[in-house]
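So the structure is just underneath, and the comments pick up after that.
Rule-based calculations on the coordinates, nothing more; no lab input. Note that the structure is predicted; figures quoted are calculated from it, not measured. So basically every Cβ, Gly included, is an ideal-geometry build from the backbone, and we count neighbours across all protein chains shown.
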Amino acid sequence: MMETDVCIVGAGPVGLFAVFELGLLRLKAHVMDTLPVVGGQLAEIYPRKPIYDIPGYPSILAGDLVDRLMEQIAPFHPSFGLGQKVRGLEAVEGGRWLVSSENGDQVLAGAVVIAGGLGCFEPRKPDLVGLEALEGRGVTYMIRDPQAFRGRKVVLAGGGDSALDWTLQLVDVAEELTLVHRSSAFRGAPESAARVQALADSGRLRLLTSTSLLSLQANGDGWLEAVLVQTQGQETLSLVADDLIPLYGLTPQLGPIADWGLALDASAIQVNTETYQTSVPGIFAIGDINTYPGKLKLILSGFHEAALMAHGAYRYIHGGAKPSFKYTTVTGVKGL
Ligand SMILES: Cc1cc2nc3c(=O)[nH]c(=O)nc-3n(C[C@H](O)[C@H](O)[C@H](O)COP(=O)(O)OP(=O)(O)OC[C@H]3O[C@@H](n4cnc5c(N)ncnc54)[C@H](O)[C@@H]3O)c2cc1C
């Protein structure tokens with residue numbers, strides 16, 4: 001069994017930055033994640049998409065931000081348990097916690113930080129006969145590398161930010177791109193919707209609104225060949241397709257964290273905004289997984305929460321003693 005000051009559940013951007021903030025207070029962290037790689041949503045959903053609202057970076061690819069965070073926390077030598085779904089959380093003597101994973105790994109920690117984001121990733125799927133047989137054979141729910149779609153005939157489906165953003169990214173990559181949306185209005189950012197509409201007007205992509213996915217057609221080898229769609233009041237249309245990417249969002253699945261006895265609001269963990277501690281002393285929750293009045297699910301907000309959490313965790317571990325607060329320009333970054 002390994003021992004650490006703080007066990008962080010979730011290696012998304014917020015869990016990673018928490019290592020830094022804890023490290024500044026001389027607290028050592030062990031980070032666990034179900035995924036085999038660090039980066040959370042940034043690695044799993046949109047590694048090649050630019051982000052524009054990280055302070056100091058006018059634009060940075062999500063994957064590059066993860067690399068920068070890993071570089072920033074390196075001096076604190078965090079340990080990682082990747083490919084480890086955390087299942088159990090048990091109080092032990094001295095106010096400490098025993099964290100255990102499905103694989104049987106155990107970590108004894110002075111405090112626990114839940115940075116589990118959306119929980120375990122479960123994409124919402126369209127209700128289509130034969131869908132599962134074509135998953136990985138033309139049907140996919142996450143775009144890791146847009147270049148994988150170069151020169152292909154791609155049908156995207158959805159009307160939120162993800163569908164609009166990926167349409168704008170894939171328009172220069174795919175040989176043929178169609179966006180199918182069941183409603184006439186988009187839920188995503190109006191600015192992105194306007195850009196998609198302008199591209200459709202100029203003939204760069206096919207935009208089918210008020211259109212439903214009807215069925216899928218496979219070729220003799222069992223790979224996707226065509227997607228049948230229907231626009232309201234019109235004939236059925238067969239779209240030749242190498243790829244169908246339904247982007248209907250992710251169902252938040254708290255997974256095992258839901259059974260840890262923490263106060264929840266829908267599927268998010270309630271916290272106080274002074275320390276980001278949950279209803280259970282010694283357990284903190286930061287990033288997309290928590291909720292409080294005014295919560296914004298942004299990386300920026302998660303970074304702020306990590307700083308306050310670190311001070312709260314320090315006080316919990318040191319019997320209420322306050323850490324001394326100094327700017328990093330004064331202290332520098334002293335490795336652990
Ligand atoms: C398409 C898209 C574009 C976005 N663009 C922006 C943007 O431009 N700017 C911005 O600020 N935000 C953006 N966001 C939101 C941003 O990605 C999230 O706010 C951010 O990822 C939250 O980070 P996190 O570390 O809290 O959670 P996550 O990134 O979700 O990471 C949580 C990690 O916890 C792990 N985990 C969960 N449960 C367990 C468990 N039981 N055991 C082990 N591991 C577990 C998960 O596997 C995951 O790796 C975007 C989101 C999407 C989907």
Rounded to two decimals, the Rg over Rh value of the range 132-246 from Cα coordinates and the Kirkwood Rh reads 0.94
On the formula 1/(1 + (r/R0)^6), with r taken between the Cβ atoms of Arg204 and Lys322 and R0 of 41 Å, the FRET efficiency rounded to 0.05 is 0.10
Gyration tensor (Cα only) of the range 1-146 to equivalent ellipsoid, semi-axes in Å sorted down, yields 30, 22, 11
Volume per residue (Å³) of the convex hull spanned by the alpha carbons of the chain is 149 Å³
Within the range 209-276, DSSP-loop GluC sites (Glu not before Pro) with at most 15 other C-beta atoms within 10 Å are Glu235, Glu274
In degrees, nearest 10, the alpha-carbon axis of helix 13-24 is tilted away from the dominant principal axis of the alpha carbons of the chain by 20 degrees
So the pair-distance distribution of the range 199-330, from every Cα-Cα distance in 10 Å bins, comes to percents of 10, 25, 18, 14, 18, 11, 4, 0
Once Glu90 and Arg26 are pulled to full extension, the length gained, defined as 0.36 nm per residue separation minus their Cα-Cα distance, is 20.6 nm
Of the listed links Lys49/Lys85; Lys125/Lys295; Lys85/Lys322; Lys49/Lys322; Lys295/Lys326; Lys295/Lys334, those spanning more than 30 angstrom between alpha carbons are Lys85/Lys322; Lys49/Lys322; Lys295/Lys334
By the mean-Cβ-within-10 Å protection proxy, highest first, 213-219, 179-185 rank as 179-185, 213-219
PRE zone check, label point 7 Å out along Cα-to-Cβ of Trp223, amide N under 20 Å, scope the range 238-256, hits 239-246
Amide H proximity to Lys295 below 5 Å, modelled H, separation 5+ or other chain, gives none
Excluding residues fewer than 8 positions from Lys297 in its own chain, the aspartates and glutamates with Cα under 13 Å of it are Asp53, Asp288, Glu305
